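The values are calculated or read from the model by the stated rules, or taken from the named source; none is laboratory data. This structure is a prediction, so every number in the text was calculated from the model and none was measured. Cβ placement follows ideal geometry from the backbone for every residue including glycine, while neighbour counts extend to all protein chains displayed. Accessible surface areas use protein heavy atoms only, side chains included; no ligands, DNA or RNA. Shrake-Rupley method; radii C 1.70, N 1.55, O 1.52, S 1.80 Å.
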Amino acid sequence: MIMKKLELTDGGRRVLVVAVDKGEDAVTAIHDTAAQYDIRGARITAVGGFHSAEVGYFDRQARDYVHIPVAEQVEVLSLLGDIADNQGQPALHVHAVLGRRDGSTVGGHLLRGEVWPTLEVIITEVAAELTKQVDPETGLALLSGAARQ
Amino acid sequence: MIMKKLELTDGGRRVLVVAVDKGEDAVTAIHDTAAQYDIRGARITAVGGFHSAEVGYFDRQARDYVHIPVAEQVEVLSLLGDIADNQGQPALHVHAVLGRRDGSTVGGHLLRGEVWPTLEVIITEVAAELTKQVDPETGLALLSGAARQ
Amino acid sequence: MIMKKLELTDGGRRVLVVAVDKGEDAVTAIHDTAAQYDIRGARITAVGGFHSAEVGYFDRQARDYVHIPVAEQVEVLSLLGDIADNQGQPALHVHAVLGRRDGSTVGGHLLRGEVWPTLEVIITEVAAELTKQVDPETGLALLSGAARQ
């Protein structure tokens, strides 16, 4: 599923470089990589392209994501976010800015992105574990206040 | 003010993960964190949401920022920048791309961002100190040429 | 050509901070820095401003970039990407989101960006070398499957 993966250590923290293959879903690929390598506290950045995608906008009243379909080939101008732990599973929080043929942009919380021709993802560990907890007001899993200072 | 903060060392460089709480201003929260931990040379990335925000565009003639108000709930698609030192104080240079309900985007130099429901910020030190100096042409504090090569 | 450059080590990996000077081309400056320091596996982020720029959109049928000129002063809201090796030369894969006076955005694969008043670039090594190979379908040099797992 995933073309290239390097695992490197740096002061105990790992760096993974993943080239997601044509036709793969970016969200699934990043999630599966995090699960396989037990990554629970990381920064993610990526650039590349999507053949089609779906991004979300969190509706404050509905407490749910409005789905925004992007049914065209787009450049992935920015894919940025983090990986934490939510009850033993990797929890991805990834946002994307996508660029159309005329340079105009569309973006949101990344729900789905069919990669074409590549997505070059860099995952850098920043902590052994960042913990998420459900926020009662929104129903979203947010970085928890366990370490509040 | 700030929900979660982790301080980790990696070859002498620190990584801070900050979950900015609802209602807090993102710029103030990042500045105060940098001041508290004496961060003077770092990369910043973040994703999350703002209830309202204000971004700037630097007008070359006026040598000042045009203020662009964003009076709606937006996704923080990308918050990217650096922290340096300007006469003993942390100097933030942070730009943001914000996403509206329809996926359209607006962005600029981040002047103010009222967080809702969260802003997950990762600050990674890249140097003990990056130094800013005032550029006479613009009046802006820019990374200085002291180490020009 | 380049205003400031710091070279720091961290577990064997290097971090370079480059303030690109007014009037310089961002792509050339980053490429030349990578060549000078023999950087072949890195993450790049930057913020700043361009006096004018040109970005690209990869046309799937034509197998080439559509050129999108940006003939105005813009904020560099996000410059994100990676550096790999392509037959002994540094291969940049850098995308940019640019912000206009009204906060609207335009973006694409960065082809050219005339810096004004600054571009603050952070280059962090993530591997000794990431390798690119030409993809027959597109003609693009993509991260290679040599380390496929």
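Contact list please: Cβ distance under 6 Å, first residue in segment B:117-136 and within 9 Å of chain A (Cβ to nearest Cβ), second residue surrounded by 19 or more Cβ atoms within 10 Å (Cβ to Cβ) and assigned to a loop (DSSP other than H, G, I, E, B), pairs at least six apart or on different chains. Listed pairs, sorted by first residue: B:ILE122/A:VAL126. Residues in segment B:89-107 that are assigned to a strand (DSSP E or B), closer than 23 Å to A:GLY56 by Cβ and small (Gly, Ala, Ser): 3 in all. When segment C:42-78 is limited to residues that are outside any strand (DSSP E or B) and farther than 23 Å from A:ALA96 by Cα, the one that is most open to solvent (accessible area, probe 1.4 Å) turns out to be C:GLN61. Of all residues in segment C:103-129, those satisfying the criterion of being surrounded by 24 or more Cβ atoms within 10 Å (Cβ to Cβ) and among the small types (Gly, Ala, Ser) are C:GLY107, C:GLY108, C:GLY113.
Within 7 Å of another protein chain (Cβ to nearest Cβ), modelled with pLDDT under 95 and in a strand (DSSP E or B) - does that describe any residue in segment C:16-24? So far as segment C:16-24 goes, yes, one or more of its residues are within 7 Å of another protein chain (Cβ to nearest Cβ), modelled with pLDDT under 95 and in a strand (DSSP E or B). Does at least one position in segment A:130-146 carry a residue that is in a helix (DSSP H, G or I) and either open to solvent by less than 20 Å² (accessible area, probe 1.4 Å) or farther than 27 Å from C:GLU137 by Cβ (or both)? Yes, there is a match, as at least one residue in segment A:130-146 is in a helix (DSSP H, G or I) and either open to solvent by less than 20 Å² (accessible area, probe 1.4 Å) or farther than 27 Å from C:GLU137 by Cβ (or both). Taking segment B:78-94 as the range and being touching a helix residue (DSSP H, G or I) at 6+ places or on another chain (Cβ under 8 Å) and either facing another protein chain (nearest Cβ under 8 Å) or without any contact (Cβ under 8 Å) to a residue 60 or more places away in the chain (or both) as the test, the residues that pass are B:LEU79, B:ILE83, B:GLN89, B:PRO90, B:VAL94.
Table: residues versus (1) away from chain C (no Cβ under 12 Å); (2) at pLDDT 95 or above; (3) closer than 19 Å to B:VAL74 by Cα.
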residue: A:ASP59; (1), (2), (3): yes, yes, yes
residue: A:PRO69; (1), (2), (3): yes, yes, yes
residue: A:VAL76; (1), (2), (3): no, yes, no
residue: A:ALA96; (1), (2), (3): no, yes, yes
residue: A:ARG101; (1), (2), (3): no, yes, no
residue: A:VAL106; (1), (2), (3): no, yes, yes
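Scanning segment C:29-41 for residues that are open to solvent by less than 10 Å² (accessible area, probe 1.4 Å) and touching an Asp or Glu at 6+ places or on another chain (Cβ under 6 Å) yields a single hit, C:GLY41.
The combined condition, being within 30 Å of C:VAL115 (Cα to Cα), modelled with pLDDT of 95 or more and touching a Pro at 6+ places or on another chain (Cβ under 8 Å), is fulfilled by B:GLY48.
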